[in-house]
1. Just to be sure before I move on: is residue 497 in a loop (DSSP other than H, G, I, E, B) and touching a residue at least 12 places away in the same chain (Cβ under 8 Å) in the structure I sent?
2. Look at the range 228-250 and say how many of its residues are surrounded by fewer than 18 Cβ atoms within 10 Å (Cβ to Cβ), touching a residue at least 12 places away in the same chain (Cβ under 8 Å) and farther than 30 Å from residue 299 by Cα.
3. For residue 72, indicate whether it is part of a strand (DSSP E or B) and either at pLDDT below 95 or assigned by TED's automatic domain parsing to the domain that holds residue 21 (or both).
4. Return the residue satisfying two criteria in turn: it lies in the range 1-37 and is surrounded by fewer than 18 Cβ atoms within 10 Å (Cβ to Cβ), within 25 Å of residue 59 (Cα to Cα) and small (Gly, Ala, Ser), and of such residues it is modelled with the lowest pLDDT.
5. For residue 187, which of the numbered conditions (1) out of contact with any helix residue (DSSP H, G or I) (no Cβ under 8 Å at 6 or more places or on another chain); (2) modelled with pLDDT under 95 fails to hold?
6. Of all residues being outside any loop (DSSP other than H, G, I, E, B) and touching a Ser or Thr at 6+ places or on another chain (Cβ under 7 Å) in the range 1-34, which is farthest from residue 72 (Cα to Cα)? Just the residue, please.
7. For the range 452-494, how many residues are in contact (Cβ under 8 Å) with a residue 60 or more places away in the chain and hydrophobic (A, V, I, L, M, F, W, C)?
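The values are calculated or read from the model by the stated rules, or taken from the named source; none is laboratory data. Source: prediction; values computed, not measured. No Cβ is skipped: glycine too gets one built from the backbone with ideal geometry, and neighbour counts run over all protein chains shown.
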Amino acid sequence: GLSDLVGCWNYAYRPGEPWDGPVCYPRVDSNKSLLFGDLIHVRSKESADSPAEVISTRYMFADFEDVNGDGLVDFALRANASNTVSFYLNAGTREPGGMPDFVLGLRFDSPPDEKAQNSLRLTDLNGDGKIDVIAGSYLIPNASETGWPFVAGEAQLLEAGSVPDFCRVDGDDLKDAVCLEPDGSGNVQSYVVRWRKNLGGIPPRFGAPQLIPGITTGRSDFLSATDIDGQPGLVVFHNVYTRLSVFVRTESDEENVEFRYSGDALSDSAVMSLSDQAWPYLCDWDGDNDLDLLIGSGYGWPRVAINEGTCARPRYAEPVAIVSEGRTIRVLRDEILGGSNWHNMGYSYPVLVDWDGDGLSDLMLPNETNRIFWYRNEGARTSPQFGRQLQIICDGYPDSAELRAESARLAGDKNVPNSPYPYQDNQPFFWRTGAAFADFNGDGLMDLATHDGATRKLTLFVQYRDESGALRLRKDRPLALADGRPIDDAIVGRSAHWTESFKSVDWDKDGLVDLMYSLSGMDGGKSSIHLLRNCGTKTDPVFADPKPMCCFGEPINITAHGPHPYVGDVNGDGLPDILACVEWSVYPFYSYAALTMPERPQLTIGPARALER
């Protein structure tokens, strides 16, 4: 009798299998709170006698409803990679874990274009008592005389906003559209919740977008209409996909529409998930001697989650945006380079280090582009305050609006090799690469190592002081293995060629700067993380052959875009650990012991015996 939380984890929420699929968080509190239990995979069968499996496909969307009138909840699913809508019927029996058995009922083809993507809704939109399908912005009416089996009528394009769902907002008998609308910034993933009045007609027409009084989420990411205690309600995904807030309609009429905040969906056992590609960097942000979590973002916002626990038992607060001169920091390709690119993302790799040597840690932001930015800490160790955005400029590589426009043009030309990440002789740094920051030449100044913009080979850039004492940066030399090979993905046999990162760490405690090399898109069975041990000196680093990192002897292979880990002492034992990341920013932790032991400890349980008291 309790409403559960159901949906899809997409691309990808964990290392290993299954890494995505339909999921359910069962509601566990009957006192009208929004407390949910452990995540359970929703499995389904292709036929009654086939094995139950987790559906795995990128960017899938599902909705749950009784589609055949038997009083049981069924579900339908559509993936962006396919135009097929699949209905899975509740068989009335349950798996041993308690979830219903779902069996494929039927499939049909929906429109193949992009307007049918990114959401799937099951609702009786035209009021004839039969469940219709809304795939993206397409209404696919149910043409069945009896309602089931579903018969797909002619698809009709709705003007109902982005990812629309439907409920009675204003109290009349027609289901209005609740949707996302652009917030006016023109940036990626910048939407707000609105509603559009159902004006009637077949297919229904919808009015202009309007504010919904009481919806306080601001910039929002997704929504779903639901029924809460007999009243229309909305579940809104917001704060960069990290909060699920529930709102319930109060008494409404055409003159007065208002929703009230009911609470956030919570689970004591849910993993921390911080949105798209929020690569981690642990640091003592607020100077209280524990490790806070600094994260990047595919959508451009670096954020910080303050540790409100201890080093031994961290407890992270909700991540908050980072401010520069009163404005939220956000880096996006188009804002940096200009133009309008289909890949207008941020993909920042944040690091907190003392770049300018003043004793305060600054915010460094390698990102989606081939420019690196930083923000000087003008505050204090316990309360960082960041100044204006600054660009890391390397001697011999000036930058200008014209050069940025050239980068934008080359990146947008699909005929240019390696688009949208072209090689450029006039740029020192490469695209979408996380940089390692450390003193690589022993002069006491912070340097950086990252891929060269023209060659995509690991290159050392060192800081020095000019005659006036000002800090400057120069390209020093390509870094190499002991046998002379340059450092790129050829040394680990990767077939893909995009998205890499480097982290500095003294892995073996010999006083030399080693590197941890992370690569997205590693072939199956190969590790995504490799140790490059410094076998040179403090002033002349040279690196040994890459050592694949393993967990109890098994290569750590993490999804398509990760893992870009933090490397350092996480658990307080004085030894370096790895905190990795998957696409949807769930953070698998690997202790030094697990990384260095060839296999899991084998335990033998002896016979039970009574103890004398």
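1. yes
2. The qualifying residues number 4.
3. no
4. Ranking the candidates gives 16 first.
5. Tallying (1) out of contact with any helix residue (DSSP H, G or I) (no Cβ under 8 Å at 6 or more places or on another chain); (2) modelled with pLDDT under 95, residue 187 fails exactly one: (1).
6. Out of the qualifying residues, it is 21.
7. So the count comes out to 8.
For (1) within 20 Å of residue 458 (Cα to Cα); (2) of a type in the set (Ser, Thr, Tyr); (3) not in a loop (DSSP other than H, G, I, E, B), each residue gets a yes or a no:
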| position | (1), (2), (3) |
| --- | --- |
| 518 | yes, yes, yes |
| 522 | yes, no, no |
| 527 | yes, yes, no |
| 531 | yes, no, yes |
| 536 | yes, no, no |
| 545 | yes, no, no |
| 558 | no, no, no |
| 561 | yes, no, no |
| 564 | yes, no, no |
